Amino acid sequence: MLSPKTHYKAYLVYKVRNVYGFEFYPVKLSVGVVGTEGSKRAAYLEPERDRIPIDLQPTPNDVQFPKARVDGWLEVEMGEFFNEECMNAGELEMSALEIEGGNWKGGLIFQGIEIRAIA
């Protein structure tokens with residue numbers, strides 16, 4: 001259950017093993033309460049920046065790269081949202097999409113999505 005009147009951030013938590021297909025285009029991430037404008041981010045899920053072609057590399061403000069956690073997993077911020085009221089009756093919608101490349105993808109192992117209150 002989420003606390004009312006609280007700001008939150010959502011994080012996609014994953015590992016890679018023989019990853020392929022994520023080096024050319026960033027993944028579009030979004031999170032938000034259904035019925036409101038969601039927060040949007042873009043991120044490369046490929047943790048090795050040198051595998052991203054130089055002409056496709058974004059400026060630092062455009063796209064984020066995964067951060068390594070102490071537990072061995074990687075994470076990228078999906079976005080943030082404000083829980084106005086108690087979420088008992090509401091719905092939270094999240095997505096991670098990459099459809100521009102049109103190439104096969106593989107090698108991601110998802111732990112899940114973490115929702116953290118912003119202090």
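In region 9-30, the qualifying residues are those that are of a type in the set (Val, Ile, Thr) and within 10 Å of the chain's Cα centre (by Cα), and the one that is farthest from Leu108 (Cα to Cα) is Val27. Could you tell me whether region 60-72 includes any residue that is modelled with pLDDT of 90 or more, under 15 Å from Ile115 (Cβ atoms) and surrounded by 12 or more Cβ atoms within 10 Å (Cβ to Cβ)? Taking every residue of region 60-72 in turn, none turns out to be modelled with pLDDT of 90 or more, under 15 Å from Ile115 (Cβ atoms) and surrounded by 12 or more Cβ atoms within 10 Å (Cβ to Cβ).
Restricted to strands (runs of 3 or more DSSP E) entirely inside region 63-119, those with at least 1 residues that are in contact (Cβ under 8 Å) with a residue 24 or more places away in the chain, aliphatic (A, V, I, L, M) and touching a Gly at 6+ places or on another chain (Cβ under 8 Å) are 92-97.
Name the residues in region 8-38 that are under 14 Å from Gly101 (Cβ atoms), surrounded by 18 or more Cβ atoms within 10 Å (Cβ to Cβ) and either modelled with pLDDT of 85 or more or among the acidic types (Asp, Glu) (or both), would you? Explain how you work it out, then say what you get.
Here is the first cut: in region 8-38, the ones under 14 Å from Gly101 (Cβ atoms) are 19-28.
Subset that is surrounded by 18 or more Cβ atoms within 10 Å (Cβ to Cβ): 19, 22-23, 25-27.
Once the filter is applied, which keeps residues that are under 14 Å from Gly101 (Cβ atoms), surrounded by 18 or more Cβ atoms within 10 Å (Cβ to Cβ) and either modelled with pLDDT of 85 or more or among the acidic types (Asp, Glu) (or both), region 8-38 yields Val19, Glu23, Pro26, Val27.
Residues in region 1-26 that are part of a strand (DSSP E or B), under 24 Å from Gly72 (Cα atoms) and not hydrophobic (A, V, I, L, M, F, W, C): Tyr8, Lys9, Tyr11, Tyr14, Lys15, Arg17, Asn18, Tyr20.
The values are calculated or read from the model by the stated rules, or taken from the named source; none is laboratory data. Predicted model, so just to flag it, every value in this text is computed and none were measured. Because the Cβ atoms are built from the backbone with ideal geometry, glycine has one as well, and the counts that use them run over all protein chains shown.
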